[in-house]
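Have a look at the structure below, then the notes.
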2 protein chains.
Amino acid sequence: MDKLTIVKVGGKIVEEELSLAQLLNDFSTISGNKILVHGGGRSATAIAARLGIESKMVDGRRITDKEMLEVVTMVYGGLVNKQIVAGLQAKGCNASGFCGADMDIIRSVKRPVKEIDYGFVGDVIDVNTSELRLLLEQGVSPVIAPLTHNGKGMLLNTNADTIASELAMALAKYFSVHLIYCFEKNGVLSNPDDDNSVIHYIDSALYQQYKTEGVISEGMIPKLDNAFRALNSGVAEVQITNANNLTRHNARGTVLKLS
Amino acid sequence: MDKLTIVKVGGKIVEEELSLAQLLNDFSTISGNKILVHGGGRSATAIAARLGIESKMVDGRRITDKEMLEVVTMVYGGLVNKQIVAGLQAKGCNASGFCGADMDIIRSVKRPVKEIDYGFVGDVIDVNTSELRLLLEQGVSPVIAPLTHNGKGMLLNTNADTIASELAMALAKYFSVHLIYCFEKNGVLSNPDDDNSVIHYIDSALYQQYKTEGVISEGMIPKLDNAFRALNSGVAEVQITNANNLTRHNARGTVLKLS
């Protein structure tokens with residue numbers, strides 16, 4: 001199977017001029033099939049504030065009311081996405097921006113209200129990759145904004161990590177998928193305060209052991225659970241690393257495999 | 001050659017809930033290959049005002065400074081485009097949103113400063129339809145936001161009428177292109193104050209005659225010049241009509257042909 005690299009980058013990286021420039025450069029040098037999934041939360045918060053809309057967060061998750069849905073649709077689907085696309089085109093990478101509604105790529109349902117009403121937030125129910133695969137074959141690199149739709153005309157805000165892992169799992173039938181989560185730290189750390197304490201390799205058995213021993217901090221567990229879910233669904237490799245290491249082969253951060 | 005319908009709709013139609021709903025309905029019922037090109041100027045002006053950014057217009061054309069470029073990127077590329085896409089998906093139309101930077105569809109140069117500095121406004125220099133044609137073949141209906149790029153990382157604001165005619169001309173090599181400009185009036189009027197004074201048919205000879213006789217008002221001339229330029233470049237038919245007539249075969253507004 002052909003290799004497909006899916007890179008997920010958070011808002012901080014794509015929203016600062018210098019780190020964005022480096023990301024565009026690094027991503028454009030990745031050879032073969034590739035997809036970029038981006039966030040944009042900080043820009044959304046900043047634009048919302050300028051529009052007089054308050055950003056409400058619960059446990060780090062955004063509450064998306066109707067006004068905030070318009071903001072994230074503008075900022076994720078428009079501002080951040082199109083700036084990345086234009087930047088990649090300038091590097092000779094034939095990028096094309098999409099959200100989950102485009103070509104019906106990612107369908108979701110509005111999250112049911114339990115203790116918390118997250119508002120217009122979508123939980124993924126279906127991923128359609130047929131047109132994406134056709135475009136990948138033509139050398140197009142999709143750039144995906146973290147928005148989905150419910151198939152009934154409603155756009156929904158969806159976590160970018162989830163978008164990346166859902167795409168990875170759906171495409172694992174057709175490609176050897178390498179999923180790379182970029183963030184500010186050098187990888188999964190054994191000491192959250194020491195950026196040099198990177199755990200370089202984690203497999204299923206080690207993950208259980210580290211969780212039991214408390215080696216991995218609480219905050220990383222959802223990300224790692226997500227990663228192992230992807231591996232269990234056929235994704236070849238998950239890498240969690242600093243965006244600076246995207247194209248460095250001797251500093252890969254944390255590599256996760258089933259065994 | 002297969003038929004391709006390209007519909008251009010202005011801001012007013014896509015920015016009001018009722019007219020947007022009708023447009024989505026009508027566009028989704030057009031059979032065969034189709035592309036929707038949209039504006040969004042009123043929303044951009046409204047969002048800009050809420051952000052404390054003043055909209056500057058000269059002769060009805062927007063001056064696009066750096067801040068306004070961010071607004072139109074958000075509003076055209078994000079808010080308006082993705083709402084149309086989600087709405088069409090709900091009607092069973094497999095829409096996908098693009099701007100000119102995506103897949104390098106439309107390349108432009110920043111308009112040279114003469115008497116007026118329009119700012120980040122792009123004049124089209126190249127249209128690339130190869131991936132668009134592939135998607136049309138798959139039954140995808142592209143929805144195009146009026147933004148282009150210069151290939152060096154800069155997004156540029158570009159008139160939606162121009163985007164529609166440039167796409168029509170570039171695609172006329174491969175399709176029998178029917179280009180439909182929707183606006184608020186019923187067609188080209190012989191009396192601008194009487195919406196029933198539609199001129200139903202104009203060919204090149206009649207156009208010259210009507211211009212000489214002053215039958216056609218000043219304001220329509222750029223639109224009609226644009227239409228005849230498209231016809232002279234191989235576009236099969238141009239129609240100028242009210243959006244309400246999009247799917248009515250007995251009320252087509254003004255139909256323009258070479259002869």
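For the stretch B:147-166, name all the residues that are at the interface with another protein chain (Cβ under 7 Å from one of its Cβ atoms) and over 16 Å from B:Tyr118 (Cα atoms).
Of everything in the stretch B:147-166, those that are at the interface with another protein chain (Cβ under 7 Å from one of its Cβ atoms) and over 16 Å from B:Tyr118 (Cα atoms) turn out to be B:Gly151, B:Lys152, B:Gly153.
Conditions: (1) in a loop (DSSP other than H, G, I, E, B); (2) facing chain B (nearest Cβ under 8 Å); (3) surrounded by 17 or more Cβ atoms within 10 Å (Cβ to Cβ). A:Ile53 meets all but one. Number of the miss?
A:Ile53 satisfies every listed condition except (2).
So which residues in the stretch A:56-70 are more than 9 Å from chain B (Cβ to nearest Cβ) and either in a strand (DSSP E or B) or buried (at least 17 other Cβ atoms within 10 Å of the Cβ) (or both)?
Answer for the stretch A:56-70, where residues must be more than 9 Å from chain B (Cβ to nearest Cβ) and either in a strand (DSSP E or B) or buried (at least 17 other Cβ atoms within 10 Å of the Cβ) (or both): A:Lys56, A:Met57, A:Val58, A:Arg61, A:Arg62, A:Ile63, A:Thr64, A:Met68, A:Leu69.
Mind telling me which of the residues A:Ile6, A:Ile13 ends up being among the β-branched types (Val, Ile, Thr), under 20 Å from A:Val177 (Cβ atoms) and within 17 Å of the chain's Cα centre (by Cα)?
A:Ile6
For A:Met74, are the conditions met, namely being over 27 Å from A:Gln239 (Cβ atoms), part of a strand (DSSP E or B) and out of contact with any strand residue (DSSP E or B) (no Cβ under 6 Å at 6 or more places or on another chain)?
For A:Met74, the condition - over 27 Å from A:Gln239 (Cβ atoms), part of a strand (DSSP E or B) and out of contact with any strand residue (DSSP E or B) (no Cβ under 6 Å at 6 or more places or on another chain) - is not met.
Write out, first by first residue and then by second, each pair whose Cβ atoms fall under 9 Å of each other, whose residues are 6+ apart or on separate chains, and whose first residue, in the stretch B:139-166, is more than 18 Å from B:Thr5 (Cβ to Cβ) while the second is surrounded by fewer than 24 Cβ atoms within 10 Å (Cβ to Cβ) and among the hydroxyl-bearing types (Ser, Thr, Tyr).
Listed by first residue and then by second, the contacts come to B:Pro146/B:Thr162; B:Asn157/B:Tyr118.
When you go through (1) among the hydroxyl-bearing types (Ser, Thr, Tyr); (2) at pLDDT 95 or above; (3) in contact with an Asp or Glu (Cβ under 7 Å, 6 or more places away or on another chain) one by one for B:Ser43, which number turns out not to apply?
(2)
So if I check each of B:Ile35, B:Ile6, which one is closer than 18 Å to B:Ile240 by Cα, touching a Pro at 6+ places or on another chain (Cβ under 7 Å) and buried (at least 23 other Cβ atoms within 10 Å of the Cβ)?
B:Ile35
In the stretch A:72-91, which residues are touching a helix residue (DSSP H, G or I) at 6+ places or on another chain (Cβ under 7 Å), at the interface with chain B (Cβ under 7 Å from one of its Cβ atoms) and aliphatic (A, V, I, L, M)?
Hits for the stretch A:72-91 are A:Met74, A:Val75, A:Leu79, A:Val85.
Considering only residues of the stretch A:235-259 that are under 18 Å from A:Gly32 (Cβ atoms) and not basic (Lys, Arg), which is modelled with the lowest pLDDT?
Ranking the qualifying residues of the stretch A:235-259, first place goes to A:His249.
Can you tell me which residues in the stretch B:142-159 are hydrophobic (A, V, I, L, M, F, W, C) and more than 24 Å from B:Lys34 (Cα to Cα)?
Those that are hydrophobic (A, V, I, L, M, F, W, C) and more than 24 Å from B:Lys34 (Cα to Cα): B:Met154, B:Leu155, B:Leu156.
Could you please let me know if B:Lys173 is touching a residue at least 12 places away in the same chain (Cβ under 8 Å) and either touching a helix residue (DSSP H, G or I) at 6+ places or on another chain (Cβ under 6 Å) or farther than 30 Å from A:Leu20 by Cα (or both)?
So B:Lys173 fits the description; yes.
Restricting the stretch B:188-199 to residues that are in contact with a strand residue (DSSP E or B) (Cβ under 9 Å, 6 or more places away or on another chain) and in a loop (DSSP other than H, G, I, E, B), which is surrounded by the most Cβ atoms within 10 Å (Cβ to Cβ)?
First pass over the stretch B:188-199, keeping only residues in contact with a strand residue (DSSP E or B) (Cβ under 9 Å, 6 or more places away or on another chain): B:188-190, B:195-199.
Of the ones still in play, those that are also in a loop (DSSP other than H, G, I, E, B) are B:188, B:190, B:195-197, B:199.
Details: B:Val188: 27, B:Ser190: 14, B:Asp195: 13, B:Asn196: 8, B:Ser197: 15, B:Ile199: 20.
Among those residues, the one meeting the criterion is B:Val188.
Restricting the search to the stretch A:142-174, which residues are buried (at least 23 other Cβ atoms within 10 Å of the Cβ) and farther than 22 Å from A:Met57 by Cα?
A:Pro142, A:Val143, A:Ile144, A:Ser165, A:Glu166, A:Leu167, A:Ala168, A:Leu171
Which count do you get for residues in the stretch A:167-187 that are assigned to a loop (DSSP other than H, G, I, E, B) and either within 14 Å of another protein chain (Cβ to nearest Cβ) or at pLDDT 95 or above (or both)? Give the steps one after another, and end with the answer.
At the first step, the residues of the stretch A:167-187 found to be assigned to a loop (DSSP other than H, G, I, E, B) are A:172-175, A:184-187.
From what's left, either within 14 Å of another protein chain (Cβ to nearest Cβ) or at pLDDT 95 or above (or both): A:172-175.
The qualifying residues number 4.
What are the residues in the stretch B:92-103 that are in contact with a Leu (Cβ under 9 Å, 6 or more places away or on another chain), within 22 Å of B:Lys66 (Cα to Cα) and not in a strand (DSSP E or B), if any?
B:Cys99, B:Gly100, B:Ala101
Being in a helix (DSSP H, G or I), among the aliphatic types (A, V, I, L, M) and touching a strand residue (DSSP E or B) at 6+ places or on another chain (Cβ under 6 Å) narrows it down to one of B:Leu79, B:Leu88, so name that one.
B:Leu88
Can you tell me how many residues within the stretch B:38-50 are touching a Lys or Arg at 6+ places or on another chain (Cβ under 9 Å) and within 10 Å of chain A (Cβ to nearest Cβ)?
Looking only at that region, the number is 1.
On the given criteria, is B:Glu131 free of Cβ contacts under 8 Å to residues at least 24 places away in the same chain, of a type outside the set (Phe, Trp, Tyr) and either touching a Cys at 6+ places or on another chain (Cβ under 7 Å) or surrounded by fewer than 24 Cβ atoms within 10 Å (Cβ to Cβ) (or both)?
Working: free of Cβ contacts under 8 Å to residues at least 24 places away in the same chain: no; of a type outside the set (Phe, Trp, Tyr): yes; either touching a Cys at 6+ places or on another chain (Cβ under 7 Å) or surrounded by fewer than 24 Cβ atoms within 10 Å (Cβ to Cβ) (or both): yes.
Criteria not met by B:Glu131.
Out of B:Ala243, B:Ala236, B:Ala230, which single residue is touching a residue at least 40 places away in the same chain (Cβ under 8 Å), touching a Ser or Thr at 6+ places or on another chain (Cβ under 6 Å) and surrounded by 19 or more Cβ atoms within 10 Å (Cβ to Cβ)?
After applying the criteria, what remains is B:Ala230.
I'm checking my understanding of the structure. Among residues of the stretch B:92-140 that are of a type in the set (S, T, N, Q) and within 10 Å of another protein chain (Cβ to nearest Cβ), which one is farthest from B:Gly60 (Cα to Cα)?
Step one: filter the stretch B:92-140 for residues of a type in the set (S, T, N, Q), giving B:94, B:96, B:108, B:128-130, B:138.
Checking the rest, the ones that are also within 10 Å of another protein chain (Cβ to nearest Cβ) come to B:94, B:96, B:128, B:130, B:138.
On the way: B:Asn94: 34, B:Ser96: 29, B:Asn128: 29, B:Ser130: 33, B:Gln138: 38 Å.
If we take residues in the stretch B:92-140 being of a type in the set (S, T, N, Q) and within 10 Å of another protein chain (Cβ to nearest Cβ), then B:Gln138 is farthest from B:Gly60 (Cα to Cα).
Step by step: first the residues of the stretch A:16-50, then only those that are part of a helix (DSSP H, G or I) and among the acidic types (Asp, Glu), then the one that is farthest from A:Leu171 (Cα to Cα). Which residue is that?
Per the criteria, the residue is A:Glu17.
The values are calculated or read from the model by the stated rules, or taken from the named source; none is laboratory data. Everything numeric in this text was worked out from a predicted model, so none of it was measured. Cβ coordinates were reconstructed from backbone atoms using ideal geometry, including for glycine residues, and neighbour counts include every protein chain displayed.
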